[in-house]
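> This is the structure, below, for whatever I ask next.
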Amino acid sequence: MTDDMTWHKGGCHCGAVRFEVLLPQRIEIEDCNCSVCLMSQNAHIIVPSSRFRLLSGEENLSTYTFNTHTAKHQFCSVCGIKSFYVPRSNPDGFAITWRCLDDPMAFEHVGIHPFDGVQWELNAGTLAHKSKD
């Protein structure tokens with residue numbers, strides 16, 4: 001599957017945290033309405049951990065957890081932007097904040113799909129395949 005994929009760079013607002021992620025030319029964005037995503041307007045792409053690389057800024061990351069403490073909401077301690085995190089639905093992968101990519105429109109297709117995170121227990125299973133290689 002990696003034949004049609006390209007590495008895309010991204011990061012936080014101040015540039016203290018930089019990453020790259022391997023993505024296909026057609027991507028699916030999860031527009032979640034859970035309490036955290038709704039408040040932060042976080043639309044994200046879930047990928048396997050093998051397709052994510054932290055390039056710099058690990059020392060600038062802070063982590064916020066709540067409820068089950070499975071999700072690791074990591075954000076830049078300098079500017080406060082959450083450019084990626086480990087989602088509760090896919091603890092074996094990463095959720096990349098789409099708008100934190102250097103060029104979020106550099107794709108053949110961007111599909112934005114609403115995800116009902118308010119009813120998380122009923123819907124989380126529909127995301128499980130996204131963090132598998």
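The values are calculated or read from the model by the stated rules, or taken from the named source; none is laboratory data. In this text, all values refer to a predicted model and were calculated from it rather than measured experimentally. We place every Cβ from the backbone using ideal geometry, glycine too, and count neighbours over all the protein chains shown. Calculation scope for accessible area: heavy atoms of the full protein, side chains included, ligands and nucleic acids excluded. Shrake-Rupley method; radii C 1.70, N 1.55, O 1.52, S 1.80 Å.
> For the list (1) closer than 25 Å to residue 105 by Cβ; (2) open to solvent by 70 Å² or more (accessible area, probe 1.4 Å), I need the number of the one condition that residue 63 fails.
(1)
> What is the one condition in (1) out of contact with any Gly (no Cβ under 9 Å at 6 or more places or on another chain); (2) in contact (Cβ under 8 Å) with a residue 60 or more places away in the chain that residue 49 does not satisfy?
For residue 49, the failing item is (1).
> Tell me, please, whether a residue that is assigned to a helix (DSSP H, G or I) and either small (Gly, Ala, Ser) or out of contact with any Pro (no Cβ under 6 Å at 6 or more places or on another chain) (or both) can be found in the stretch 22-35.
Yes: one or more hits.
> So, restricting to strands (runs of 3 or more DSSP E) that lie completely within the stretch 76-133, which ones have at least 2 residues that are of a type in the set (Ser, Thr, Tyr)?
Details: elements: 84-86, 93-97, 109-115.
Answer list for the stretch 76-133: none.
> Moving on. One residue is enough: does the stretch 74-83 have a residue meeting the conditions open to solvent by less than 70 Å² (accessible area, probe 1.4 Å), on the phi < 0 side of the Ramachandran plot, over 13 Å from the mean Cα position of the chain (by Cα) and not small (Gly, Ala, Ser)?
Yes, the stretch 74-83 contains at least one residue that is open to solvent by less than 70 Å² (accessible area, probe 1.4 Å), on the phi < 0 side of the Ramachandran plot, over 13 Å from the mean Cα position of the chain (by Cα) and not small (Gly, Ala, Ser).
> For residue 46, state whether it is within 28 Å of residue 120 (Cβ to Cβ), β-branched (Val, Ile, Thr), in contact with a strand residue (DSSP E or B) (Cβ under 9 Å, 6 or more places away or on another chain) and open to solvent by less than 20 Å² (accessible area, probe 1.4 Å).
Criteria met by residue 46.
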